[in-house]
Amino acid sequence: MSQQGHAHHDPHELPFWKKYVFSTDHKVIGIQYGFTGLFFLFFGFCLVMLMRWQLAYPEQPVPVIGKFFNDSSMPGGVMLPEFYNSLGAMHGTIMVFLGIVPVAFGAFVNFVLPLQVGAPDMAFPRLNMASYWLLVVGGIVMLVSFFVPGGAANSGWTSYAPLAVVATTGQTYWLIGMAFLIQSSLLGAINVIATTFQLRAKGLTFMRLPFFVWSQLVTAFLLVLAFPPLLAAAVLQLMDRIAHTSFFMPSGLLVSGQPLEISGGGSVLLWQHLFWFLAHPEVYVLILPAMGIVAEVIANNIRKPLWGYKAMVYSVVFIGFMSFIVWAHHMYLTGMGTAISAFFQATTMIISIPSVIILTALFISLWGGSIRFNTQMLFALAFLPMFGIGGLTGLPLGLSSPDIYLHDTYYVIGHFHYVVAPGTIFALFAGVYHWFPKATGRKMNEFLGQLHFWPSLVFMNGIFFPMMIQGLAGVQRRLYDGGAQYAHAKDYLDLNVMMSWSAWLLAIAQIPFIINFIGSLFAGKKVDSDNPWEATTLEWQTPTPPGHGNFLTQPIVYRGPYEYSVPGASKDFTSQNEPPAGASQPAGTSQGVH
Amino acid sequence: MKPTNLLFLACVAVFLATHTQAATITGLAKFEGEKPNLKEIKMDADPICSTHHSGPVYPQTIVLGENGELGNIFVRVIAGLPKTEYPAPQTEVVIDQKGCMYDPHVAGAMVGQTVKILNPDGTLHNVHALPKVNEEFNLAMPKFRTEVTKVFDKVEFMFPLKCDVHPWMGAWIAIMDNPYFATTGADGKFTLNDLPAGEYELEAWHEKLGTQTAKVTLAEGESKEVNFSFSKPSK
């Protein structure tokens, strides 16, 4: 039976603003992260909707909404190239740093991880709150930058020097915004590491941790170790822009044939090294939480243990380590030398192995499973081939020779969008459908869920697969007209129309999700159990929704995370805190509620 | 003095004050020496550019007439003007990019005067102004963006205007605080109108050949000719 009501009997009832605004409760912060991240995902998606119009129908007025933009961005509703550049840079920035990271890491890690490790809260609740509000400040700075002279940052999400150093004012806002976002992630990551190491329930050894916790723990280490160099780089670029230093500005630099009045002596490649030292691990920050979510959903819906759990754990740790020594595969075109290129080619090929192990383990886990094809499982299943395509198409980019041809083409866009869009974002949807009942006490509607999933799967591929074709044909990214100016792109321009219509239809396909999400908050079917999916991990052993302190009594863990269909067991799932048969229940511990 | 005489003198004074005859400077800029060999501009990278030209196109750096008349010399008054504030004209300074070449190649505008940049080519241009005192701008002009207007609010003598798409395209613009400037045409001639009487120092500027100065004294209504001679700077 459900233990609803636990939250309502808290004698220390907090005022509204402290309970829901400046909250230190990890679940509220997780939900705040979730709503904020979903808002920015929606906003970043809207930006690309505009871009897709420009790519499909260059130099034609954007229907209906074009007239709401001013002459500095869309005179007569027709998008200017400078505005397109801003949209591109801000789409990437917002989706990565304000959308996916806050949802994949901020929301899920905050809501789920302390519950899965049997903790009453995160190790540093106030730090947790500070982490969220730094994200909000960073987000506001990014949004405000759209309204400064010259518009938002327009030097790509990578902000390469020297272009970004001489760019318009929006770039300064970008750097300041990034500083806040980085601080936010650092505080969050420290909290995750401390919570996982210090607040695990009794008996919850590392090899009993759900794979989700492992993936988020490794993600936290990536953030802690990779973000500081980018923060340093952002500050240095800020100094180059406002204090006329030349950290990234070389001597004798000409812009449009004119020498710049700078001291010079800096290195443009230094920015690329510092940026990619963060940004490649950042790719794994985007994908590892997704793998963790998918593993939980798959394990729950195949009703059998994950195949190769230990191999998956070792693989995720190995990915974490290796992700720090592959960054320069983004820089083959800089001419950094064959020896260093050879090193990074080797490491890039090596890092693909643990990813393949995890994916293979998840595929093999399906074999012989009694699969429930509910919405979260559909999204999790779709993640596997989608991420597979994303990963495999990355291999040619990891090798110097093909990368020199494919670099900065639509092939690259297709590759990484397969990883993060039908990859990570599908996993995030799986996570939302999976943990929604724990957060709200209500289930999301299954019909609307399927109506969300199937068109999303079709249209995601309709957007990103043609990009591979365009890229192989040499069509470059960041062209505001989709390549209309270039003879070699002319035969592939029709694909832009198809991709854009797929994008708009994908937007329409999200309407069932929005209706489902909001509608289910108020009118979704109430769960009749704290463990509606009959899962094994600890978060399902709390009241629904969990109250302050999470567990009625401190859980003790006796077993691994995925004990489904254990031979001889009376039911097809055995909770982690269920004592072995014949063992006595220690006083003061919680018992699974089924 | 009788009131009628006083009135007469006042009328004379007003007449003189309002009917002071403005002076004019005309002149010719010439190039002395052997005609430099200019390399033909290759516009093959953008076929739309070459369709605007029937023959070979040469850089606008040195534009010479048959007898050495020198175009694209910017002539201005650098000393002697009365200290006063000159209003910006309502007329626009138009810089065209027709045929992927800037026309005029050397232009002047007053502080606060509108500068209109045209793109009639049906191809992408990217106007990149590189002033040091005024605000820099870097604007793409796709074929649908046929004109942009800019107003410069500070005096700045000569900064380049470049097209970042077509590397051969370059122009120069001076932002002046007075209206007494002109650019020589292909015939090498220039005219400075409506100057008050006075002693002036003129400067003639060329982007590659340097500057020449000349002094001239003008009486009311006088018209004088000042010529400039440029030659290839010695290395």
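The values are calculated or read from the model by the stated rules, or taken from the named source; none is laboratory data. Computed from a predicted structure; not experimentally measured. A quick note on method: Cβ atoms are made from the backbone with ideal geometry, for glycine too, and the neighbour counts reach across all protein chains shown. Note: accessible area is taken over every heavy atom of the protein model, side chains too, but ligands, DNA and RNA are not part of it. Shrake-Rupley method; radii C 1.70, N 1.55, O 1.52, S 1.80 Å.
Gain in length, B:Lys215 to B:Lys83, computed as 0.36 nm per residue apart minus the alpha-carbon separation, to one decimal in nm?
45.7 nm
Rg and Dmax of segment B:44-126, Cα atoms, in Å?
16.7, 51
Nearest 10 degrees, 0 to 90: what angle lies between the long axis of helix A:211-242 and the longest principal axis of chain A (Cα atoms)?
30
About its Cα centre, how strong a charge dipole does chain B have in debye, to the nearest 20, once Lys and Arg get +1 and Asp and Glu get -1 at the Cβ?
In total the dipole reaches around 160 debye.
List the residues, sorted by chain then number, that are 5 or more residues from B:Gly27 or on another chain and whose placed amide H is less than 5 Å from its amide H.
B:Phe190, B:Val226
Percent of alpha carbon pairs in segment A:39-163 separated by more than 24 Å?
40
Chain B: Rg/Rh from Cα coordinates, Kirkwood Rh?
1.07
Could you state the orientation-averaged shadow area of the convex hull built on the Cα atoms of the protein assembly as shown, in nm² to one decimal?
47.1
By per-residue mean of other Cβ atoms within 10 Å, what is the highest-first order of A:203-210, A:189-196?
Ranking the peptides A:203-210, A:189-196 by packing returns A:189-196, A:203-210.
Any idea what the alpha-carbon Rg over 2.2 N^0.38 Å comes to for segment B:93-167?
Scaled against compact globular proteins, the figure is 1.03.
Can you give the direction-averaged projected area of the convex hull of the alpha-carbon atoms in segment B:86-131, in nm²?
With the hull built on Cα positions only, its mean projection is 3.7 nm².
On a 0 to 90 degree scale, rounded to 10, what angle separates helix A:81-93 from the longest Cα axis of chain A?
Between the helix axis and the principal axis of chain A, the angle is about 30 degrees.
How charged is the neighbourhood of A:Gly524? Take every other residue with its Cβ under 11 Å from the Cβ of A:Gly524, and add Lys/Arg as +1 and Asp/Glu as -1.
Residues near A:Gly524 contribute +3 overall.
To two decimal places, what compactness ratio does segment A:123-240 give when its Cα radius of gyration is scaled by 2.2 N^0.38 Å?
With N residues counted in segment A:123-240, Rg over 2.2 N^0.38 Å equals 1.30.
How would A:Thr168, B:Thr84, A:Thr537 line up by accessible area, probe 1.4 Å, largest first?
Sorted by accessible area, descending: B:Thr84, A:Thr168, A:Thr537.
To the nearest Å, what is the center-to-center distance of segment A:21-94 and segment B:122-137, using C-alpha atoms only?
27
Under 15 Å from a point placed 7 Å out from the Cα of B:Lys98 along the Cα-to-Cβ direction: which residues of segment B:142-169 have their backbone N that close?
Answer for segment B:142-169: B:147.
List, in order, the whole-Hz ³J(HN,Hα) value for each residue of segment A:160-172 obtained from phi through the Karplus relation with A = 6.51, B = -1.76, C = 1.60 and θ = phi - 60°; use x for Gly and Pro.
Residue by residue, segment A:160-172 yields 4, 7, x, 3, 5, 5, 9, 6, 6, 4, x, 5, 4 Hz.
Can you tell me which lysines have their Cα less than 22 Å from the Cα of B:Lys42? Leave out same-chain residues fewer than eight positions away.
B:Lys98, B:Lys143, B:Lys162, B:Lys208
Please give the length that would be gained between A:Ile404 and A:Tyr160 if that part of the chain were fully extended, namely 0.36 nm times their separation in residues minus their C-alpha to C-alpha distance (nm, one decimal).
Roughly 86.0 nm would be gained on extension.
Tell me, what are the semi-axes, in whole angstrom and largest first, of the equivalent ellipsoid of segment A:386-519 as set by the roots of 5 times the Cα gyration tensor eigenvalues?
Value: 34, 17, 9 Å, ordered largest first.
Rounded to a whole number, what % of the accessible area of the protein assembly as shown do carbon and sulfur atoms account for, probe 1.4 Å?
The C+S portion of the solvent-accessible surface of the protein assembly as shown is 64 percent.
In whole Å, what is the distance between the alpha-carbon centres of segment A:346-421 and segment A:121-138?
Centre-to-centre (Cα) distance: 32 Å.
Could you list which residues have their amide H under 5 Å from that of B:Ile41, counting only those 5 or more apart in sequence or on another chain, with H placed in the peptide plane?
Excluding prolines and chain starts, which carry no amide H, the hits are B:Val57, B:Tyr58.
Set the bar at 26 Å for Cα to Cα. Now go through B:Lys39/B:Lys232; A:Lys19/A:Lys443; B:Lys35/B:Lys215; A:Lys438/A:Lys571; A:Lys27/A:Lys202 and name every pair that lies beyond it.
B:Lys35/B:Lys215
For B:Ile95, enumerate residues with amide H under 5 Å from its amide H, sequence gap 5+ or separate chain, H modeled in the peptide plane.
B:Lys116, B:Ile117, B:Leu118
On alpha carbon coordinates alone, what is the Rg over Rh value for segment A:360-455, Rh being the Kirkwood radius?
Result for segment A:360-455 is an Rg/Rh of 1.10.
Determine ³J(HN,Hα), in whole Hz, for all residues of segment A:379-394 in sequence, where each value follows from phi through the Karplus function 6.51 cos²θ - 1.76 cosθ + 1.60 and θ = phi - 60°; x replaces Gly and Pro.
Using θ = phi - 60°, the values come out as 5, 5, 5, 5, 4, 4, x, 5, 5, x, 4, x, x, 5, 6, x Hz.
Of the beta bridges DSSP finds with both residues in the protein assembly as shown, what % are antiparallel, to the nearest 5?
Here the share of antiparallel DSSP bridges comes out near 70 percent.
Specify the angular offset, from 0 to 90 degrees and rounded to the nearest 10, of the alpha carbon long axis of helix B:3-18 from the longest principal axis of the alpha carbons in chain B.
In chain B, helix B:3-18 runs at an angle near 10 degrees to the longest axis.
What list of whole percents do you get for P(r) of segment B:174-235, with Cα-Cα distances grouped in 10 Å bins up to the one holding the largest distance?
17, 52, 26, 5, 0
Using only the alpha-carbon atoms of segment A:461-555, report the extent along each of the three principal axes, biggest first, to the nearest angstrom.
Per principal axis, max minus min of the Cα coordinates gives 69, 29, 23 Å.
In a Gaussian network model over chain B where Cα atoms closer than 10 Å are linked, find which of B:Gly68, B:Gly55, B:Gly99 has the largest mean-square fluctuation.
Looking only at B:Gly68, B:Gly55, B:Gly99, the largest GNM fluctuation is found for B:Gly55.
Quick one: what are the phi-derived ³J(HN,Hα) couplings along segment B:177-186, Karplus 6.51/-1.76/1.60 with θ = phi - 60°, whole Hz, x for glycine and proline?
9, 9, x, 9, 8, 7, 10, 5, x, 5
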